Amino acid sequence: MNIPEKMKAIVLTGHGGLDKLEWREDVPVPRPAAGEVLIRVGASAVNNTDINTRTGWYSKAVRGDTGSAAADGYDGASDADGGWSGALSFPRIQGADCCGEIIAVGEGVDSARMGERVLVRPMYCPLGAEPDALVTFGSERNGGFAEYTTVGEENALRINSPLTDAELASFPCAFSTAEGMIQRAGLRAERVLITGASGGVGSAAVQLAKRRGAHVTASTSAAKMEALKDLGADVVLDRDETLPTDAFDVVLDLVGGPRWPELLDGLVCHGRYVTSGAIAGPIVELDLRTLYLKDLTFVGSTRQDPRVFTDLVSYIEAGEIRPVVADTYPLRELRTAQTAFLEKSHIGKIGVTIAD
């Protein structure tokens, strides 16, 4: 295959507003190093982590919710810790989601992989690195907001599915985050509350929890209740109503914020609380008496066992979960796609198609 020298991409030039996302047509096409594959990207998607990284929300200097300055960036956000794992190198091609085709391989990779349709594992530990040396695709290395990208071959998983590239690209980041939370919680056929249930991770968690036989209560806005019932939620609560107490074995929380203590009140004794987000704000109030008198378990969920993503691919191929894509935008219109994402009027994911 004739691989061009230059490609089109959206490049993040620094922490800040939407103006930090620049459309370029002269970005060098990466070449696969030893053990890597070159992927022609078919589609990507918008994620909270892309926006939070752009704005510098992960900086300890930021104490507000994820939406309050998502268009313009956060004043006072520090470059030293603006990325989720610390300082970020710019310019950077974001895009944690990627569905595409392998078109070239690096040294040591079987050439038979050429032509494979793949999903990229969005979070992984590089081979031979320390367990904490975690890489997020589109953060610590360039991601899917470009025509071409590279990744270690072990993180490009072959996928056999009739779904479109945009539909498949809706799975990696959101569904692996949700599945990681569920596996960390050891969720069984139990009562689970999912906050922020209409977003990409939340709606994924609804499907994945139902797959395990759980009784799912989803918290969302009134306008999105019926859509979540269609995804399998057994009970849907308005996010503004008071939660029942001592009602859930597990809470999968993506919201945090000022109402966080209610989530702990909602857990039964020996309940498990798992978080992988703080949409409503990262600073919460904890009454330690609630923690120890109810014998609760708190779990933060970011790092994933490698089986999380391989399990996810198997669920997709078996048709056990389905994509939820609210809309798609061409890569050139990524700023518009992020603006639509921030309006929070959709269910599931906002897709990004790469070809013009």
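The values are calculated or read from the model by the stated rules, or taken from the named source; none is laboratory data. Bear in mind the structure is a predicted one, so any value in this text is a computation, not a measurement. Reconstructed Cβ throughout: ideal geometry from the backbone, glycine too, with neighbour counts over all protein chains shown. With ligands, DNA and RNA removed, areas are computed over all heavy atoms of the protein, side chains included. Shrake-Rupley method; radii C 1.70, N 1.55, O 1.52, S 1.80 Å.
Of the numbered criteria (1) more than 27 Å from residue 148 (Cα to Cα); (2) open to solvent by 60 Å² or more (accessible area, probe 1.4 Å); (3) not polar (S, T, N, Q), the one residue 327 fails is (1). Scan segment 146-172 for residues that are in contact with a Ser or Thr (Cβ under 7 Å, 6 or more places away or on another chain) and closer than 24 Å to residue 341 by Cβ and the total you get is 3.
Among the residues making up segment 307-324, those that are open to solvent by 50 Å² or more (accessible area, probe 1.4 Å), out of contact with any Ser or Thr (no Cβ under 8 Å at 6 or more places or on another chain) and of a type in the set (D, E, K, R) are 307, 320, 322. If you check residue 62 against the conditions, is it of a type in the set (Val, Ile, Thr) and more than 19 Å from residue 137 (Cβ to Cβ)? In short, yes.
Of everything in segment 151-169 that is surrounded by fewer than 21 Cβ atoms within 10 Å (Cβ to Cβ) and aliphatic (A, V, I, L, M), the residue that is farthest from residue 124 (Cα to Cα) is 163. Restricting segment 226-249 to residues that are among the hydrophobic types (A, V, I, L, M, F, W, C) and more than 15 Å from residue 348 (Cβ to Cβ), the residue that is farthest from the chain's Cα centre (by Cα) is 247. Scanning segment 184-231 for residues that are of a type in the set (A, V, I, L, M, F, W, C), out of contact with any helix residue (DSSP H, G or I) (no Cβ under 9 Å at 6 or more places or on another chain) and open to solvent by 20 Å² or more (accessible area, probe 1.4 Å) gives 189, 222, 223, 225. For segment 254-277, filtering for residues that are open to solvent by less than 20 Å² (accessible area, probe 1.4 Å), of a type outside the set (Ser, Thr, Tyr) and out of contact with any helix residue (DSSP H, G or I) (no Cβ under 6 Å at 6 or more places or on another chain) leaves 7. Which of the residues spanning segment 137-146 are surrounded by fewer than 22 Cβ atoms within 10 Å (Cβ to Cβ) and touching a residue at least 24 places away in the same chain (Cβ under 8 Å)? Hit for segment 137-146 is 140, nothing else. Counting residues in segment 232-249 that are under 29 Å from residue 60 (Cα atoms), in contact with a helix residue (DSSP H, G or I) (Cβ under 7 Å, 6 or more places away or on another chain) and of a type in the set (A, V, I, L, M, F, W, C) gives zero. Scanning segment 78-92 for residues that are in contact with a helix residue (DSSP H, G or I) (Cβ under 7 Å, 6 or more places away or on another chain) and of a type in the set (A, V, I, L, M, F, W, C) yields 84, 88.
Quick grid of which residues meet (1) in contact with a Leu (Cβ under 7 Å, 6 or more places away or on another chain); (2) more than 30 Å from residue 73 (Cβ to Cβ):
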{"residue": "2", "(1), (2)": "no, yes"}
{"residue": "10", "(1), (2)": "yes, no"}
{"residue": "13", "(1), (2)": "no, no"}
{"residue": "17", "(1), (2)": "no, no"}
{"residue": "29", "(1), (2)": "no, no"}
{"residue": "33", "(1), (2)": "no, yes"}
{"residue": "37", "(1), (2)": "no, yes"}
{"residue": "46", "(1), (2)": "no, no"}
{"residue": "49", "(1), (2)": "no, no"}
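In summary, strands (runs of 3 or more DSSP E) completely within segment 135-216 and bearing 2 or more residues that are under 19 Å from residue 298 (Cα atoms) and in contact with a Gly (Cβ under 7 Å, 6 or more places away or on another chain) occur at 191-194. Selection over segment 279-313 of residues that are touching a residue at least 60 places away in the same chain (Cβ under 8 Å), more than 29 Å from residue 157 (Cβ to Cβ) and of a type outside the set (Val, Ile, Thr) gives a count of 3. Here residue 347 meets each of (1) closer than 26 Å to residue 56 by Cβ; (2) among the β-branched types (Val, Ile, Thr); (3) within 16 Å of the chain's Cα centre (by Cα) with one exception, condition (1).
Would you please name the residue that is modelled with the highest pLDDT, looking only at residues in segment 48-80 that are in contact with a His (Cβ under 9 Å, 6 or more places away or on another chain) and charged (D, E, K, R)? Among them, the one singled out is 54. Among the residues of segment 199-221, is there at least one that is at pLDDT 95 or above, over 22 Å from the mean Cα position of the chain (by Cα) and of a type in the set (Lys, Arg)? Scanning segment 199-221, I find no residue that is at pLDDT 95 or above, over 22 Å from the mean Cα position of the chain (by Cα) and of a type in the set (Lys, Arg), so the answer is no. Just need a number here: residues in segment 83-100 that are buried (at least 17 other Cβ atoms within 10 Å of the Cβ) and over 18 Å from residue 58 (Cβ atoms). Qualifying residue count, segment 83-100: 5. Reported count of residues in segment 204-259, each being among the acidic types (Asp, Glu), under 20 Å from residue 320 (Cα atoms) and without any contact (Cβ under 8 Å) to a residue 12 or more places away in the chain, is 1.
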